[in-house]
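Just below is one structure, and these are the notes that go with it.
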Amino acid sequence: MKKELAKAYDPKGLEDRIYKTWEERKYFHAEVDENRKPFTVVIPPPNVTGILHMGHAFDETVQDILVRWKRMQGYNTLWQPGTDHASISTEVRITNELKEEGIDKHALGREKFLERAWEWKRKYGGTIVSQLKKLGSSCDWDRERFTMDEGCNRAVTEVFVRMHEKGYIYKGSRIINWCPVCNTSLSDAEVEYEEQNGHLWHIRYPFIEEDGSVSTTRFIEFATTRPETMLGDTAVAVNPNDERYRELVGKKLMLPLMNRELPIVADDYVDMEFGTGVVKITPAHDPNDFEVGKRHHLPEINIMNDDATINENGGKFAGMDRYACREQIVRELDELGLLVRVENYTHNVGTHDRCHTTVEPLIKKQWFVRMDELIKPAVRAVKEGEIKLVPAGAEKRYFNWTDNIRDWCISRQLWWGHRIPAWTCEDCGEIIVDRTQPSACPKCKGSHLTQDEDVLDTWFSSALWPFETLGWPDETPDLKYFFPTDVLVTGWDIIFFWVIRMIFSSYEQMGTYPFHTVIFHGLVRDAQGRKMSKSLGNGIDPLEIIDLYGADALRLTLVTGNDMGSDMRFYRERVENSRNFANKIWNASRFIMMNLHENEDWYGAPMPDGLEPADKWILSRFNSTVREVTDNMDRYELGIAVQKVYDFIWEEFCDWYIEMVKPRLYGEHMEESRRAAMWCLTTVLAGSMKLLHPYMPFITEEIFCTLQSAEESIMISDWPVYRDEWNFEKEEKEIDTIQTAVRGIRNVRNAMNVAPSKKVSVIIVSEDKKTLDIFTTGKLFFESLAGASDSRCQTDRTGIDDSAVSVSLPGATLYLPLAELVDVQAEIDRLTKELKRLDAELARSEKMLTNERFLAGAKPEKVEEEREKKRKYEQTHAQVEEQLARLTGKKA
RNA sequence: GGGAGCAUAGCUCAGCUGGGAGAGCGUCCGCCUCACACGCGGGAGGUCACGGGUUCGAGCCCCGUUGCGCCCACCA
C-alpha cells in the first residue's frame, strides 16, 4: 500500500507520536560497545525545580544537534541527562513559599525543611525533564541523574575527603561575602557588582596629642562610602612613600563615637593619588582592609550580626540596621564637626546574584578550597589546546579569571545541599573529616561528635558532573568507556561557576580533562534586545512556541541567522519563517510521493540509466552541499551549516529541480526519464532530510519514514558523505546556462508586463553547437520554466523578425517574438541599464587584467577566471549594443 | 581601571583564510501555474560607523576616532 503524508503539515500530533516511538525503541540509549567510538555529552543540569526557558531551549537544541549528527555518523553517542539540586536558589524559593504560609524556616527546623524540599523535588522535578522531551532532546533518559542522588552524594563526599587529605580543603577564618537576607556565605563568583548612586562622606579623625588629650585642632581627613564601618576601624593607613604623611606614621588618632585609639600605619595598598591619600582600615568588614590588618597585626573587630544589624561591638549603635546606623553616624559626626563634606558618588556595590541584596564582607569561619595548585592544570589544558574553547575569544576571559583566582569558599549556611562530612569533637574541639560518621574522636576518644551544620556550594557537586554521572568513584565500565566526554555546550554566564571548576576537578580526580571542546553560546534576548526576565515579563515561553509552530520550527529558529557566540534576538516572525520552511519541505515531499507509483521505492536503489543533465546537476549540487555542511559542522558552525541546507532545499531543489522535472512526470512515453527523475527526487530528498535531521528531527523523520521502507528511522540512518561519482561539473555549467536564460526571459517578460499566462516561442541563436545542444537536451523543462510555447535552436538570425525582443546571454542570444505586446521604450531602458552595468564590469576587469602585480601575484586560476569573465562581458556587450541600435534605429 | 566584542538594505542579522555586496521579515509590481498563497516570479532599497594606512585590489588586515552594550576589577 502506498503511504502518504497528511495533506497539511501539523507538527502537534506528529512530534509527540514520533518522540514516543524513539523512546520505546531505545534509540537514545547507549551501552558500552568497544567496537564503536563513543561520543559523549553531559547536559548542563537544569535546576530540578525549574521550568524550561528559552535559554535552555537554545542550549539543549545545540547539544541535540551535535548528538544526533554524531549518532548518524556512526558514533556510539551518549547524551547524559540529569538535574541539579541548585542549593541556594531552591532553598530561597522554598523559604519564600513557607513565608507565604506564615511559617518561619528556622521555627520549622532542618529535618522538616528538608522533608519539604524533597517533597518539592518530587512534585516539580519531573517538569523540566518532560519539557526537554518536547524539544526532541535525544538524552539517554535511562541514565538520568540528580546531583543529590546516592551516587553523586558518594562522589561529593569522596572528593571532599580526598581534597582535605591532600590539604586542598581547609577550614579557616577569612573574610567572605555574606548575604544578610539569605543568611549565608557566598563565593566570589556569586557576587555581582551593580553600579549604585551613593555618597562619599569626607570625614576627619582627631589626633591624640603627646599628653594623651584629644586634639581639637589637628585632624586627618579621608573619605568613605560606608561610614558605619568606622565602628570597626582599628587603624588609618597612608602610603609609605607619601611625603605629606611620612612623619605621621606611628602617631595615634582618636576614633570618634567609640573613643578608641587608632594607629596610623603605612601600607602600599593606599593610593596616594586618590582623595586625601588616607584610608580608614576596617579589617573585619573590607577585604582589602583585612589584608592590611594582617600585615600590620591589627585587631579585627566584627561589628555586625548575620542580619546586618550592628552587634554589641558597635556600642550604643548596637541593634540598629546597617543603613539606619549609617545615617545616625553621619548625623553625629556632623554634630561633632567631623563631617567635612558629602559628595554624590557612583560606585560598584557587590550584591548577591540571587536576591540582589548588598553583600557584607564579614570574617567567618568557613571551608575553603585552596586554588593555587589546583588551577594550574586547568590553565595548562587551555593554553596547550587540550581543551578548545569556542569561540576562541573565551580564552581571554578564562585566563583573566584563572590568573586572579582566590580560594573558593565552599561552605554555605543552608540546609538544602550536600552536608559537609566534617565532625567536631565536643570534648576536645578536634575536627574530623571522614567518609562516614566516626564513632569516636581519634584524639581524645570522646564520643560527643557533632556534624558541621553547613552544606556545600551547589557548584561543588556540579563540578564533578562529567564523571560522577558515569559511576565515579567506582571504576565502572561506563566511566572507562564514555569518559572523558567530548563536547560541553553552555552559556557564557557559567564559565567561572561551572566550566573551570569541572576542568580542575576532573584533572584532580581523574587525571585528565573532562571534555575536549567547550562551546559557549550567547543569551536569547527579546525583540528589543533586552534580557528575557520574569520581572520584565518579556520572556517567551518555548512551550508556547512549540505548541504554535512545532519544536522543529523553534529549533531551526534558535540556530539560524546568528553565530552562536553572540546574543540573539528572538521574535515570532523568525519562528514563522522556520515553520514556513517546514511547510515547504512537507509539501515538496508530498508532491514527490504523489508521483511515486504503487509500491515504488527508490531509496537506496542503484542509479538508474538515463539520468538527464538536470538530474546530474541536482545530484552534484547536493553532493557539494553535503561536503560544505559537514565541514561547517565540524567547525561547530551550525548556523552556517543549516542555512546551506535551507538554501539548497528551498531554492535549488524546490524552486528549480522540482519545476524542471515536472514535465517528465506527467508526460507520456517517457517512463525511463520519469524513473530517472524519481530516483533523483527520492535520493536527494532523503539525503536532504538527513542533513536537516539534527536540526529538525521530527518532520525529517516523518518524511523519511513515509518515503521509504528500507530503514525504520532517520535518526539511526547514515549521515550523507561526499561521493566523487556524484560530481558533475559539466552538467552544473549547462544547467547554469539554462538558469541564466530562464531568468533573462522572466526578466524581460516582467519588465514588459507580459501576462504569465501568455506563452511565446523562443529562438536560441548561437554559433556554438555545444550551447545549442544544452537547449535541445533541456528543451522540455526549459520551455516549461520560461513560459515558452516552443523553442528552436539555430546558428544564425535567419527568419527572425527585426522586431523580436532579444535576451543576451554569454555565448547565445534568445529571441522572443513579442513585438506587438511590448513597450519599446521599456525595452530600451532595460538595455541601456544593462549596458551600463556591463561597462562597469568591463572597466573593473580591464583594470585588474592590465595590472602587472595582479597578473604576477594572484593564483593562475584566478587570472584565467578573470580573463574568461572579460571575454563574456565583451561578447554580451556587443550583443546588447547591437540590439539597442536596432531598437533606437527603429524608433527613430 | 582592565579585557574582549559589536557598528553591513527600513528592521533583525549572515558574510571562512582580502579579488563579482547577501538572507529573513517589511516594501513595490505581477500571479490562486493541477506540492505549497505558510506559496510562485520579478523589482526597489546599502559611499559595509568615521578618519587614516598597508595592498595592484579591503566589509574583511593595521592604527586612530566616535557610538553601543558585555565581562572582569578592592580604588577608600
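The residues neighbouring residue A:731, those whose beta-carbon lies less than 14 Å from its own, together hold a net charge of -4 under the Lys/Arg +1, Asp/Glu -1 convention. Converting phi to 3J(HN,Hα) with the Karplus coefficients 6.51, -1.76 and 1.60 and the offset θ = phi - 60°, the stretch A:609-620 yields 6, x, 5, 8, x, 4, 5, 5, 4, 5, 5, 5 Hz in sequence order, with x at every glycine or proline. Magnitude of the charge dipole for the stretch A:127-265, about its Cα centre and with charges confined to Cβ atoms of Lys, Arg (+1) and Asp, Glu (-1), is about 220 debye. Counting Cα-Cα pairs of the stretch A:362-432 in 10 Å increments starting at 0 gives whole-percent bin shares of 15, 32, 27, 19, 6, 1.
Here the stretch A:605-742 is treated as a Stokes sphere of Kirkwood radius computed over C-alpha pairs; at 37 °C and 0.692 mPa s its diffusion coefficient rounds to 210 µm²/s. Among the trypsin sites (Lys or Arg not before Pro) in the stretch A:398-485, those placed in a DSSP loop whose Cβ has at most 15 other Cβ atoms within 10 Å are A:406, A:435, A:443, A:445. A viscosity of 1.567 mPa s and a temperature of 4 °C, combined with the Kirkwood radius over Cα pairs in Stokes-Einstein, give a translational diffusion coefficient for the stretch A:183-271 of 86 µm²/s. Here the stretch A:118-178 is treated as a sphere whose radius is the Kirkwood value from Cα pairs; by Stokes-Einstein at 10 °C and 1.306 mPa s it diffuses with a coefficient of 105 µm²/s.
Both numbers refer to the Cα atoms of the stretch A:718-774; Rg and Dmax are 16.6, 50 Å. Counting only residues at least eight positions apart within a chain, or on another chain, the aspartates and glutamates with an alpha carbon under 13 Å from that of residue A:12 are A:544, A:547, A:552, A:702. The stretch A:271-363 gives an Rg/Rh value of 0.97, both radii derived from C-alpha positions and Rh following Kirkwood.
Rolling a 1.4 Å probe over the protein heavy atoms gives the stretch A:769-825 an accessible area of 46 Å² per residue.
Amide H to amide H, with H built 1.01 Å from N, residue A:489 comes under 5 Å of A:519, counting only residues 5 or more places away or on other chains. Across the cross-link table entries A:383/A:531; A:112/A:365; A:690/A:870, which are compared at the Cα atoms, the separations over 29 Å belong to A:383/A:531; A:690/A:870. Amide H contacts of residue A:345: A:198, A:199, A:200, each under 5 Å away and 5 or more positions distant or on a separate chain (H built 1.01 Å from N in the peptide plane; Pro and chain starts excluded). Protection proxy ranking, highest mean first, for peptides A:873-881, A:103-111, A:360-368: A:360-368, A:873-881, A:103-111, where packing is the per-residue count of other beta-carbon atoms within 10 Å, averaged.
Here the mean projected area of the convex hull built on the C-alpha positions of the stretch A:789-892 is 8.3 nm². When A:789, A:673 are compared by accessible area at a 1.4 angstrom probe, the order from most to least is A:789, A:673. Going down the list A:252/A:364; A:134/A:388; A:730/A:862; A:121/A:171, which pairs span over 27 Å between their C-alpha atoms? Where the Cα-Cα span goes over 27 Å, the pairs concerned are A:252/A:364; A:134/A:388; A:121/A:171. The GluC sites (Glu not before Pro) of the stretch A:169-243 meeting both criteria, a DSSP state outside H, G, I, E and B (loop) and at most 13 other C-beta atoms within 10 angstrom of the site's C-beta, are A:210.
Spread over its residues, the convex hull of the C-alpha atoms of chain A is 253 Å³ per residue.
Cα-based radius of gyration for the stretch A:308-356, normalised by 2.2 N^0.38 Å, reads 1.43. Sorted from longest to shortest, the spans of the Cα atoms of the stretch A:467-510 along the three principal axes equal 33, 19, 13 Å. Here the Karplus relation 6.51 cos²θ - 1.76 cosθ + 1.60, evaluated at θ = phi - 60°, turns the backbone of the stretch A:821-829 into coupling constants of 8, 9, 8, 4, 4, 4, 5, 4, 4 Hz, with x for every Gly and Pro. Take the Cα of residue A:826, go 7 Å toward its beta carbon, and the backbone nitrogen atoms of the stretch A:753-768 under 11 Å from that spot belong to A:753-756. Dipole orientation for the stretch A:246-338: of the candidates A:318, A:254, A:281, A:254 has the Cα lying most toward the positive pole (charges on Cβ; Lys, Arg +1; Asp, Glu -1). Available extension along the chain between residue A:770 and residue A:150 is 215.7 nm, counting 0.36 nm per residue and deducting the alpha carbon span. Computed in the context of the full set of protein chains, the accessible area of chain A at 1.4 Å probe radius has 48% of its extent on carbon or sulfur. Charged neighbours of residue A:240, selected by a Cβ distance under 10 Å, balance to -2 (K, R count +1; D, E count -1). Using the Cβ of residue A:671 as centre and a radius below 14 Å, the other residues enclosed give a net charge of -2, where K and R count +1 and D and E count -1. Is the stretch A:305-420 best put as rounded, prolate or oblate by its Cα gyration tensor, with a ≥ b ≥ c the root eigenvalues, rounded for a/c under 1.5, and otherwise prolate when a/b is larger than b/c, oblate when not? Verdict is prolate for the stretch A:305-420. Amide H contacts under 5 Å for residue A:252: A:208, restricted to partners 5 or more places along the chain or on a different chain, H placed in the peptide plane at 1.01 Å from N.
The values are calculated or read from the model by the stated rules, or taken from the named source; none is laboratory data. Nothing here was measured: the structure is a model prediction, and the numbers come from that model. Don't worry about glycine lacking a Cβ; one is built from the backbone with ideal geometry, like all the others, and counts go over all protein chains shown. Ligands, DNA and RNA are stripped out before the accessible areas are found, and what is left, the full protein with its side chains, is counted by its heavy atoms. Shrake-Rupley method; radii C 1.70, N 1.55, O 1.52, S 1.80 Å.
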